[in-house]
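K.L.:
One structure coming up, written as structure tokens, with questions to follow.
The values are calculated or read from the model by the stated rules, or taken from the named source; none is laboratory data. This is a predicted model, so every value here is computed, not measured. Every residue, glycine as well, gets a Cβ built from its backbone with ideal geometry; the counts of neighbours run over all protein chains shown.
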Amino acid sequence: MAPYHPPSGGRRNKLRLDFNENTVGASPLVLDFIKRFLTAADLTIYPEYEHALEDLAAHFGVSHNELTLTNGTDEAIQLVVNTFIGDGQQVLILKPSYAMYRFYSELASAKVDAVEYRPKNLAFPLEELLERITPETRGVFISNPNNPTGTGTNVASLERILDRAQNAAVLVDEAYYEFCGVTMLSFLRNWPNLFVSRTFSKVYGMAAMRCGCLFSREENMTYVRKAQSPYSVNMLAAMAARIAVQDRKFVEDYVTEVLAAREFLYVGLERLGVPYYMSQANFVLFRAGDRAVEIRDELKRRGVLVRDRSYELPGCVRVTVGTHDQVEKFLKELEAIL
Ligand SMILES: Cc1ncc(COP(=O)(O)O)c(C=O)c1O
């Protein structure tokens, strides 16, 4: 396996537009709650998830038996692989997409086949993916919208995949759901092979907590829970997640701000003559040509972090969309470099 080393050192005190995190922080309610109500007992006792599960299930509109708390989406992916996919069995992923689908599948000795996003506009390759699904396919991993392309697909297309991949666990990773509004969560009971994941790492601004949710119908969750360590989510994260979902205004305001800033970013890139791909998430992939690495490095020197993706999409750099002011700072530095 190729080791996966995200460039995550030395990011404090920089404008962090490289990991698609919330660029302003978590809801103040979360920090306030932790500071005021955290007791010694909370740290002493092994985690008890009952209340968190009930509150989160109510928030997401599912039963508590259709939801498993996970140590970030990463553990959700790992659980789906470990529970349903055996040695040498086929897993389908898209390319490029979130690295952990391949990572956990390879770790489990699955046979990983990749279907490429359409080269011209990086659109979701529905027909190509459908063609590759066979009765032997055991897992299909889809990020919707997709990281790093920013492009997404719709419910009807996902249902065609679910219909065709009846022997597979199909995970729709909705890490960026809040920015696009397309979800499969309401279809959980229609499709026995459907899994959905959500995270507290992105819009909720809690990446350090490592908290996510995996959803599927009750019978699947029973299997998944067998494969999970009983205490993989720390209690602080579970408590924080319960509070975070209560502050709907925080999420709504941040999404509104990011969507406006994304338009501002498009206009700025056009003004600079930099081609980009329209995004349904809180990041935008732009084409820097053969200067991609140089631009990433020069932006870093000026205190702005972005992510080079040219190793998988020639010439491409990904920038997280934050507030209007943060985008403005990015555009100003990019203009100076160009
Ligand atoms: C599509 C996608 N899924 C999951 C994650 C990671 O989520 P978590 O922090 O919940 O493990 C990322 C992070 O970049 C992502 O882009």
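K.L.:
Name the strands (runs of 3 or more DSSP E) wholly inside the range 62-152 in which the number of residues that are touching a Phe, Trp or Tyr at 6+ places or on another chain (Cβ under 9 Å) and without any contact (Cβ under 8 Å) to a residue 60 or more places away in the chain is 1 or more. Outline the logic, then answer.
P.N.:
Working: elements: 67-70, 90-95, 111-116, 137-143.
Of the strands (runs of 3 or more DSSP E) lying wholly inside the range 62-152, those with at least 1 residues that are touching a Phe, Trp or Tyr at 6+ places or on another chain (Cβ under 9 Å) and without any contact (Cβ under 8 Å) to a residue 60 or more places away in the chain span 90-95, 111-116, 137-143.
K.L.:
If you don't mind, there's one more thing I want to ask. Is one or more of the residues making up the range 251-268 of a type in the set (S, T, N, Q), outside any helix (DSSP H, G or I) and on the phi < 0 side of the Ramachandran plot? Spell out the reasoning first.
P.N.:
So the first thing to find is which residues in the range 251-268 are of a type in the set (S, T, N, Q), and the list is 256.
Subsequent filtering for residues that are outside any helix (DSSP H, G or I) retains none.
Scanning the range 251-268 turns up no residue that is of a type in the set (S, T, N, Q), outside any helix (DSSP H, G or I) and on the phi < 0 side of the Ramachandran plot.
K.L.:
Please go through the range 275-299 and pick out each residue that is farther than 20 Å from S143 by Cβ and surrounded by fewer than 19 Cβ atoms within 10 Å (Cβ to Cβ).
P.N.:
To start, the set of residues in the range 275-299 that are farther than 20 Å from S143 by Cβ comprises 275, 287-299.
P275, R287, G289, D290, R291, V293, E294, D297, E298 - these are the residues of the range 275-299 that are farther than 20 Å from S143 by Cβ and surrounded by fewer than 19 Cβ atoms within 10 Å (Cβ to Cβ).
K.L.:
Within the bounds of the range 40-57, is there any residue that is without any contact (Cβ under 8 Å) to a residue 24 or more places away in the chain and charged (D, E, K, R)? Talk me through it step by step, then tell me what you get.
P.N.:
We begin by selecting, within the range 40-57, every residue without any contact (Cβ under 8 Å) to a residue 24 or more places away in the chain; these are 40-41, 44, 50, 53-54, 57.
Now narrow it down to the ones that are charged (D, E, K, R): 50, 54.
Looking for residues that are without any contact (Cβ under 8 Å) to a residue 24 or more places away in the chain and charged (D, E, K, R), one finds at least one in the range 40-57, hence yes.
K.L.:
Taking the conditions exactly as written (touching a residue at least 60 places away in the same chain (Cβ under 8 Å) and either not in a helix (DSSP H, G or I) or not assigned by TED's automatic domain parsing to the domain that holds A123 (or both)), does S201 satisfy them or not?
P.N.:
The answer is yes for S201.
K.L.:
Consider L122 against the criteria (1) over 14 Å from the mean Cα position of the chain (by Cα); (2) within 22 Å of M1 (Cβ to Cβ); (3) surrounded by fewer than 22 Cβ atoms within 10 Å (Cβ to Cβ); (4) within 15 Å of the ligand (Cβ to nearest atom): it satisfies all of them except one. Which criterion is unmet?
P.N.:
So the condition that L122 fails would be (2).
K.L.:
While we're looking at this one, here's another question. Just to be sure I understand, how many residues within the range 19-39 are surrounded by 13 or more Cβ atoms within 10 Å (Cβ to Cβ), out of contact with any Gly (no Cβ under 6 Å at 6 or more places or on another chain) and either free of Cβ contacts under 8 Å to residues at least 12 places away in the same chain or of a type in the set (A, V, I, L, M) (or both)?
P.N.:
Let us first name the residues in the range 19-39 that are surrounded by 13 or more Cβ atoms within 10 Å (Cβ to Cβ), namely 19-27, 29-31, 33-34, 38.
Then keep just the ones that are out of contact with any Gly (no Cβ under 6 Å at 6 or more places or on another chain); that gives 19-21, 24, 27, 29-31, 33-34, 38.
Of the ones still in play, those that are also either free of Cβ contacts under 8 Å to residues at least 12 places away in the same chain or of a type in the set (A, V, I, L, M) (or both) are 24, 29-31, 34, 38.
Looking only at that region, the number is 6.
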